[in-house]
1. Can you tell me which residue in the stretch A:275-285 is farthest from residue A:326 (Cα to Cα), limited to those that are of a type outside the set (Ser, Thr, Tyr) and open to solvent by less than 60 Å² (accessible area, probe 1.4 Å)?
2. Yes or no: residue A:175 under 22 Å from residue A:36 (Cβ atoms), facing chain B (nearest Cβ under 8 Å) and out of contact with any strand residue (DSSP E or B) (no Cβ under 8 Å at 6 or more places or on another chain)?
3. Please find, among B:255, B:262, B:241, the residue that is part of a helix (DSSP H, G or I), out of contact with any Asp or Glu (no Cβ under 9 Å at 6 or more places or on another chain) and of a type in the set (Asp, Glu).
4. Tally up the residues in the stretch A:397-428 that are more than 20 Å from residue A:346 (Cβ to Cβ) and free of Cβ contacts under 8 Å to residues at least 12 places away in the same chain, please.
5. Kindly check whether there is at least one residue in the stretch B:185-194 that is of a type in the set (Val, Ile, Thr), closer than 25 Å to residue B:65 by Cβ, more than 12 Å from chain A (Cβ to nearest Cβ) and under 24 Å from the mean Cα position of the chain (by Cα).
6. Residue B:201 passes all but one of (1) away from chain A (no Cβ under 11 Å); (2) surrounded by fewer than 21 Cβ atoms within 10 Å (Cβ to Cβ); which number fails?
7. Exactly one condition in (1) more than 24 Å from residue A:118 (Cα to Cα); (2) at pLDDT 85 or above is not met by residue A:56; state its number.
8. Those residues that are closer than 22 Å to residue B:225 by Cα and among the hydroxyl-bearing types (Ser, Thr, Tyr), I need them from the stretch B:105-144; list them, please.
Amino acid sequence: MIVRDIELVDAVADLVDNCVDGARRLRPNGSYKKLYAALEVSNLEFRIEDNCGGITADVARNYAFRFGRPKDFPTLEHSIGQFGIGMKRAFFKIGLQFTVESTSPISHFTMTVNVSDWRREPEWEFKFDELIEGEEFLKRSKEFAHPETLVSITDLYPGVAAEFSLENFITRLKEKLAVKHQDSLNKGLQITVNRDPLKSAPATLLRSKLLKPIVENFKLPGKINVRLYAGLSESDPNKAGWYVFCNGRLILEADQTERTGWGETKVTGETSNQRKKTRIPYYHNQFARFRGYVFFDANNAAVLPWTTTKTDVDLNSPAFQATRQRMVLAMRPIIDFLNDLDGERSSEKRSKPLTKAVTSSREGQLATLKISKVFVAPKASPLTISGPTLQRISYQRPTAEISLVRKTLKVRKLQEVGERTFEYYLRAECTK
Amino acid sequence: MILNSKPSYESINYDLRPAKNIERKMLAEAIGALTAFAPLKTYSYVGFGSPYFTDFALFHRVLGISKMHSIEKDVDNRSRFEFNRPLACIQLHFGRSTTVLPGLRWSDPVIAWLDYDGKLDHTVLADIAIFCQNAVSGSVVLISVNARPERQEHLRRKKLENQLRARYKIPPDITNFDFGGWGTATISRRIIFNEISECLTRVNSGLQAADKKKYEQLFNFHYKDSAEMLTTGGIIFKETDHPRFNTCDFTENYDFIRTQADAYHIEVPNLTFREFHYLNSQLPKQGHLSAKGIPSEDLEKYKRIYRWFPRFSESEFY
């Protein structure tokens, strides 16, 4: 039985992963400017075209169009898609007829497969329609000066064709790709869906002289490079939390669960009075300004802390365990700051240094932030009181009565109703 | 905090909104064509009656529909709704539409007018999903929502995202700027259309080719008695009923039918009794109407809608 059980959006995303892999191999540390992946999705055909380096005939033979991957073949550098599985799986999910045409710096091939015919063959092998490599390729290299890959899938399954003609599907696909590949988009890779370029706002954190986010770089066994950023940004409960990337692909978005350390508890004391003490609280909208980013990068994708489907973090991986510990440590001072900020907002004090530090800071792109092991922020002001002491009064009255008073006072807000009636009483009864 | 607004029936007498009044009569006329699918008496009508039940009274009178269900969310004022029920054939159901709809009888075709007080939100989409799941061939869905642009321009897209609780239902090309004027109505229609299409795709994945359901939009009204309002909707039928749909020939028979994104604007000129009686004596007419003192654009508006123009007059009932 051929695997056709992955979600359609994921199948398409897998094909884009291959383009992103290509971009990473082509420009290991550079910008992806002028590289593109163009998708055309309709109820008749699915096409994806890219100029991210092409697939070599060797890779096609040994990874892309082979069932199972030989152990002795070297790992593909910076791979996020698994050529061995992802590409074929996506093809089989989408339709019954596919064509691949690819020009790499050392080879050119085309391949057409009719899945129904191919299934009937005794040997499940893929054959090249045209293959040019070695000396012949060198001779004709002018013809193949631009590396590119074109995949076309036709004879779509009826269910797939129906999905592809839905605007909601296209929107969901764009959302998914823009979020998953925000890192590559921000590096200049152009991804288009039906000619619309995907956009992604670069990740930022607030910074100023008074406020500095945590920025750390460290290495883990397996030659994994980790970059960790934690700090503040605009208050938005939907965006708050941790973002985890593996080789440029987002695998956790705005995570607010225990997986990334929220609600992390630590047992203190070993006596009978042993108690559980929470180190990091569960997520609450008071922390809507919190943002954390972790980027894992490794040449060997197998050592990265992601699941085999590459869509989630592998909680048991040593690399994630080690990093999670640092994430929890990084959260603590920021949570404290946000608690103090909240306290300051609801206090009656006039001077609000924390609020001022936040409002006077600007968003800075992650790549421009300087290394800082500590979260730099002003301390909450001591309990000094400037100006007259204020107290809050709160009470409830029937709606009809409030409406009447509000109308008479010609004010909109309930707070004004309270203040104006209080002032009136003060003037009429207490200051004569 | 601003005080909550009252339900719309407390501030507006439904009978006295002229654009709505015209829309209701236009809808009734088009629904009359559904005899190609089934005799109208076999249809059920589902609506949100409010205490006025204006649509119920009209559809019973004009179309002869007598299986009628009114869903009322204001459960605290039960007795008032029961007292105001104008026809014995109207069954009242108290509760939210999303809770009530699944329990209704769906074995016969239905005309469901989901006429919401508020804006497009996730509960509207949930009701649409219930309709798409259950409605048999020949059923009609009508959705009315408030489409007044949010006052805070820079938060318009964000607010809609929150109302829908799903980012992917708003196409990425839509910006805050697009919500102005009738933009909110245009966007709401697009989202409703996409929701119906997506729901039917899911439903169809479990059906044989001949039973697969199709949606054809028929209505896209923009009108404004106080706030900007959108009414959109259309018919659901199975592939084998396509000839019946062709028989109805909606587009040819009614000029207010709108099958795409372009809207039919119901615009009501303010005319006196004497004026519209005088104009009626010239109608129907191909060319321009003539009347002293009435602006020519009002004459054009009247010409388009005179057949449905409301005649309100004071009367006392005993």
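The values are calculated or read from the model by the stated rules, or taken from the named source; none is laboratory data. Predicted, not measured: the structure shown is a model, and the values here were computed from it. With ideal geometry, Cβ positions are generated from the backbone for all residues, glycine too; neighbour counts draw on all protein chains shown. What goes into the accessible areas is simple: the full protein's heavy atoms, side chains included, and nothing from ligands, DNA or RNA. Shrake-Rupley method; radii C 1.70, N 1.55, O 1.52, S 1.80 Å.
1. Taking the stretch A:275-285 first, the residues of a type outside the set (Ser, Thr, Tyr) are A:275-277, A:279-281, A:284-285.
Next cut, open to solvent by less than 60 Å² (accessible area, probe 1.4 Å) only: A:280-281.
Values: A:280: 13, A:281: 16 Å.
The extreme case among them is A:281.
2. On the way: under 22 Å from residue A:36 (Cβ atoms): yes; facing chain B (nearest Cβ under 8 Å): yes; out of contact with any strand residue (DSSP E or B) (no Cβ under 8 Å at 6 or more places or on another chain): yes.
Against the criterion (under 22 Å from residue A:36 (Cβ atoms), facing chain B (nearest Cβ under 8 Å) and out of contact with any strand residue (DSSP E or B) (no Cβ under 8 Å at 6 or more places or on another chain)), residue A:175 qualifies.
3. On the way: B:255 fails: part of a helix (DSSP H, G or I); B:262 fails: part of a helix (DSSP H, G or I).
The unique qualifying residue is B:241.
4. The qualifying residues number 20.
5. Start the filter on the stretch B:185-194 by keeping residues that are of a type in the set (Val, Ile, Thr), which leaves B:186-187, B:191-192.
Subset that is closer than 25 Å to residue B:65 by Cβ: B:192.
Still in the list and also more than 12 Å from chain A (Cβ to nearest Cβ): none.
Within the stretch B:185-194, none of the residues are of a type in the set (Val, Ile, Thr), closer than 25 Å to residue B:65 by Cβ, more than 12 Å from chain A (Cβ to nearest Cβ) and under 24 Å from the mean Cα position of the chain (by Cα).
6. Only one criterion is unmet by residue B:201, namely (1).
7. Evaluating residue A:56 over (1) more than 24 Å from residue A:118 (Cα to Cα); (2) at pLDDT 85 or above leaves (1) as the failure.
8. B:116, B:144
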